[in-house]
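Presented below is the structure to which this report refers.
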Amino acid sequence: MDDKFEKKLKEFLPYIIIIGVVYLFAPALLVFTKSTGLLNQIVYLGLFPLTALLCNLYYSYKKTSDFALSLVAPIIYIPSMLLYGNIRDSLLNSLIYLVSYFICGYIGLTLGEMIKGSNSKSKKSDVTRKRVPTVVDTSTAQEPFEMYVDDIELPKQYEQTEDYTQYEDTYEEPAYEPASSYTEDDIDAILAELRNRHE
């Protein structure tokens, strides 16, 4: 068996089982309970198309859109309609059901792709939003937190042993001593010395 076909069959297997169980056992319940009329219409016009649509939608959303999966529901419906005699009742109705199940499966694939596409676009827009720098309003900024040493409980080896409060406000500024004024003779002597150095 071809590896590609085998891989595809393994991917389709859960959906084939779900569609097979619904398409083969739901009509059996109708036959054994001898139900007719409204219940038959609910199964053939409601349950079967919905199963095909949801299975295809889920597969397309989780993996990728594959046209072959939309053929699973009509193919499984063929033995169901042969088993339960739908084809004998009305060949035209059976063909219409066959085509409608294929269309529902294809719509499911398309919807799954659309949902996946919209989700990937929203993720990209979220990424671009994260990259935009935020402007910080400094007008409402709180005062910086001030921490005082008195509030911290220190270990015993670091505890203050001597009371330094007695030294507070004991510092005295030195008295201002004005610079001694220079006389004209001193200034002339300095200028003369500078001239001698320059020469």
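The values are calculated or read from the model by the stated rules, or taken from the named source; none is laboratory data. Since this is a predicted model, take the numbers as computed values, not measurements. No Cβ is skipped: glycine too gets one built from the backbone with ideal geometry, and neighbour counts run over all protein chains shown.
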Long-range neighbours under 7 Å by Cβ, at least six apart or interchain, first residue over 19 Å from Ile42 (Cβ atoms) and in a helix (DSSP H, G or I) within segment 88-102, second at pLDDT below 85 and among the small types (Gly, Ala, Ser): none
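The rows are residues; the columns are (1) of a type in the set (A, V, I, L, M, F, W, C); (2) at pLDDT 90 or above; (3) surrounded by 13 or more Cβ atoms within 10 Å (Cβ to Cβ); (4) in contact with a Cys (Cβ under 8 Å, 6 or more places away or on another chain).
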{"residue": "Lys4", "(1), (2), (3), (4)": "no, no, no, no"}
{"residue": "Lys7", "(1), (2), (3), (4)": "no, no, no, no"}
{"residue": "Lys10", "(1), (2), (3), (4)": "no, no, no, no"}
{"residue": "Val21", "(1), (2), (3), (4)": "yes, yes, no, no"}
{"residue": "Ala28", "(1), (2), (3), (4)": "yes, no, no, no"}
{"residue": "Ser35", "(1), (2), (3), (4)": "no, no, yes, no"}
{"residue": "Asn40", "(1), (2), (3), (4)": "no, no, yes, no"}
{"residue": "Pro49", "(1), (2), (3), (4)": "no, yes, yes, yes"}
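When you scan segment 68-85, how many residues do you find that are in contact with a helix residue (DSSP H, G or I) (Cβ under 6 Å, 6 or more places away or on another chain) and either part of a helix (DSSP H, G or I) or buried (at least 20 other Cβ atoms within 10 Å of the Cβ) (or both)?
Of all residues in segment 68-85, those in contact with a helix residue (DSSP H, G or I) (Cβ under 6 Å, 6 or more places away or on another chain) come to 69-70, 72-74, 76-77, 80-81, 84.
So of that shortlist, the ones also either part of a helix (DSSP H, G or I) or buried (at least 20 other Cβ atoms within 10 Å of the Cβ) (or both) come out as 69-70, 72-74, 76-77, 80-81.
Total meeting the criteria: 9.
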Residue in segment 49-59 that is under 23 Å from Leu13 (Cβ atoms), in a helix (DSSP H, G or I), touching a residue at least 40 places away in the same chain (Cβ under 8 Å) and in contact with an Asp or Glu (Cβ under 8 Å, 6 or more places away or on another chain) present: yes
